[in-house]
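Right, one structure below, let's go through it.
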Amino acid sequence: MTEKDRIGNDPYLRPYEKAIQARIRRVEAMALRLTDGGKIGLSDFASGHEFFGLHFRENRWVFREWAPNAKALFLIGDMTDWREAGDFQLEKINEEGVWEISLSPEILTHKMNYRLRMHWEGGEGDRIPAYARRVVQDPDTLIFNAQVWFPPDPYPWIYSDFVSAPGPLFIYEAHVGMAQEEKKVGSYREFSDHILPRIVDAGYNALQLMGIQEHPYYASFGYHVSSFFAASSRFGSPEDLKALIDRAHDSGLSVIMDLVHSHAVANEVEGLSRFDGTLYQYFHEGARGIHQAWGSRCFDYGKPQVLHFLLSNCRFWLDEYHFDGFRFDGITSMLYDHHGLGKAFTSYGDYFNDHVDEDALTYLTLANKLIHDVRPNAVTIAEDISGMPGLAAPVEEGGMGFDYRLAMGVPDFWIRILKEKHDEDWPLGEMWHELTNRRVDEKSIGYAESHDQALVGDKTLILRLMGSALYDQMNVDKESTVVDRGLALHKLVRFITLVTAGNGYLNFMGNEFGHPDWIDFPREGNEWSYEYARRQWHLPDTPDLKYAYLARFDHDMIALARNGSLFEYARPSLILEHSDHKVLAFWRGALLFVFNFHPSCSHNNYPIYVAPGQYQMIMDSDAPAYGGHGRLRRDQRHFTAFEKAGETIRHALSLYLPTRTALVLSPVDKGIDTEGSGTYTHPRK
């Protein structure tokens, strides 16, 4: 497909053909600029992490830093008793502002702490080196410092040749620190031992890790990054993280990293802000360099040095830690000077105007090109709420090159429906549109809720559905209409989101079993409590509680989607939508899905018009194993009956559809045509 073909797929792009072509030329021009006219590859350019920072080379320690406004730089730390010393002063080696020092091998030792002392015209300050690979916080003073990390033996990768399995992604989004049940910060090792097996057993094939890049404030969830090349030390050592990834690969799990390049923490000692005495070294100058809503700093993606830093950061995590790809956070904020705040994107003109940061768009395109050059099987996922067209279209077709985009409108739809509509008023037409409305030339990841909905200030699906009943009515022996409704709708919402999703599915840890508590990291407002910064795994493990029902259902629906190869089929085919009956029926591949969302009406002998033959029910959400009422019989076979209306003969299944239930049927005769079969739709009222 060419850029013209993509416009042909979406005629609304035609008025912006020149703008799209200009974007392509802009990317090409920047690529040539960065690679010295093409004399080197983009992957060679993106190797700043091998030049800057601290390295042991040819039996010498070499440290380099880019600080164009600095007048003098010193290494200070344990080796200098934290004072400036002449032997530790860096030399400026070029006019671009690169500084360097070379030290004998005995000067620095493993786990020694250090910093930069930066002097500029009219001021000075301590700084954590920009390319520091290890940053630690003193437990008593809470001060952060860079740390020499030079263990005697490098980590012995066992599965260094791991290649992600082809096919759809079933992503388990997780945070290492809050993954444990104890009221503390969890570790990489604990995650490896206790959480990885759960993810594998649940049927997911990809792990998405949040909060990996070092961040000074734990409660930021890892989104206010200070040290972009350092894996957070609060969870353990670099070797511990590598062992986690190695073990995940051993289990067949791809590991995707939440990459934050949309902004940076405003801290000056720990972060990049005013690094060399100027506010604009890495960021935009003036008001544009400050994200007013987030209190953070905004990168200037037009600077080659900034692109060098960020592109090298992409390559570093692939090379050093063997991550299998990235979810790029906050892309909407990057793409527009208004950051998408308070902006409704209602027309294509919103994607082609002076508010678009074309430099950010160019960076994202180059980042995708680099990542796929370095690791052809790597996965990149875009988090964008604006709907920017071309985000997940190939670079050679005029797109930005992401493999997937998150279907962010879907969780927003569920929140709105649960907040604003009574059960009997759920709009099935709008639901179907929101679940299936996606660009034909871009892959997407569907989800009903992520970490965003689990944070304090928002609510998970289960909390919206059950409220306080979660805390005292979840025993299997306790009758509760509130819990019955919550269990049924929790299953239906997540199930229909999965089976209508574009090309993959995402779940945030604990949501699969309806974790009862939101996430609230320790902070001053909660007296630094870890009460809600953990996951209560004992809940689904306790057979006397109903959480086990939801966990079992999640396991089986993931297995159904994987075994049925649902995402090999581009989109579901609707055969029935009846708003009054609250019934939806559709094909996805060779499976027939029927949903009855009605809160009080079970339908007897309900006709579903399909191709003639025999159909077997292979799954239903009302099964007792899932906390249902057992009103259907697993493996029951249904035969179509025909009816004649004039010259037209139609074939129908006659089904019992209990309230708030989904069922899945598979043709017994594999020769039954499921493509376009059963096109009859009930009249809508």
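The values are calculated or read from the model by the stated rules, or taken from the named source; none is laboratory data. This structure is a prediction, so every number in the text was calculated from the model and none was measured. As a convention, Cβ positions derive from the backbone with ideal geometry for all residues, glycine included, and neighbour counts pool all protein chains shown. We work out accessible area using only protein heavy atoms, side chains counted, and drop any ligands, DNA or RNA first. Shrake-Rupley method; radii C 1.70, N 1.55, O 1.52, S 1.80 Å.
When segment 424-451 is limited to residues that are acidic (D, E) and under 27 Å from M509 (Cα atoms), the one that is farthest from the chain's Cα centre (by Cα) turns out to be E434. Annotation: of all residues in segment 394-407 being in contact with a helix residue (DSSP H, G or I) (Cβ under 7 Å, 6 or more places away or on another chain) and modelled with pLDDT of 95 or more, the one that is surrounded by the fewest Cβ atoms within 10 Å (Cβ to Cβ) is G401. Could you check, for segment 333-343, whether at least one of its residues is charged (D, E, K, R), surrounded by fewer than 16 Cβ atoms within 10 Å (Cβ to Cβ) and either out of contact with any strand residue (DSSP E or B) (no Cβ under 8 Å at 6 or more places or on another chain) or touching a residue at least 24 places away in the same chain (Cβ under 8 Å) (or both)? Yes, some residue in segment 333-343 is charged (D, E, K, R), surrounded by fewer than 16 Cβ atoms within 10 Å (Cβ to Cβ) and either out of contact with any strand residue (DSSP E or B) (no Cβ under 8 Å at 6 or more places or on another chain) or touching a residue at least 24 places away in the same chain (Cβ under 8 Å) (or both). Within the bounds of segment 530-553, is there any residue that is free of Cβ contacts under 8 Å to residues at least 12 places away in the same chain and not in a helix (DSSP H, G or I)? Checked against the condition, which is being free of Cβ contacts under 8 Å to residues at least 12 places away in the same chain and not in a helix (DSSP H, G or I), segment 530-553 yields at least one hit. Scanning segment 125-155 for residues that are free of Cβ contacts under 8 Å to residues at least 24 places away in the same chain, over 19 Å from W317 (Cβ atoms) and open to solvent by 90 Å² or more (accessible area, probe 1.4 Å) yields P139, D140, L142, D153. Does at least one position in segment 54-62 carry a residue that is at pLDDT 95 or above, open to solvent by less than 40 Å² (accessible area, probe 1.4 Å) and in contact with a His (Cβ under 7 Å, 6 or more places away or on another chain)? Within segment 54-62, one or more residues are at pLDDT 95 or above, open to solvent by less than 40 Å² (accessible area, probe 1.4 Å) and in contact with a His (Cβ under 7 Å, 6 or more places away or on another chain).
In a strand (DSSP E or B) and crowded, with 18+ Cβ neighbours inside 10 Å - does that describe any residue in segment 182-196? Looking for residues that are in a strand (DSSP E or B) and crowded, with 18+ Cβ neighbours inside 10 Å, one finds none in segment 182-196, hence no. The number of residues in segment 355-383 being β-branched (V, I, T), open to solvent by 10 Å² or more (accessible area, probe 1.4 Å) and under 18 Å from the mean Cα position of the chain (by Cα) comes to 1.
Looking at the structure I just gave you, is F170 modelled with pLDDT under 95 and under 18 Å from the mean Cα position of the chain (by Cα)? No, not satisfied.
Each row is one residue, and each column tells you yes or no for (1) out of contact with any Leu (no Cβ under 7 Å at 6 or more places or on another chain); (2) among the small types (G, A, S); (3) at pLDDT 95 or above.
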{"position": "K184", "(1), (2), (3)": "yes, no, yes"}
{"position": "A202", "(1), (2), (3)": "yes, yes, yes"}
{"position": "F221", "(1), (2), (3)": "yes, no, no"}
{"position": "F228", "(1), (2), (3)": "yes, no, yes"}
{"position": "D240", "(1), (2), (3)": "yes, no, yes"}
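Scanning segment 584-624 for residues that are free of Cβ contacts under 8 Å to residues at least 24 places away in the same chain and more than 32 Å from the chain's Cα centre (by Cα) gives a single hit, P624.
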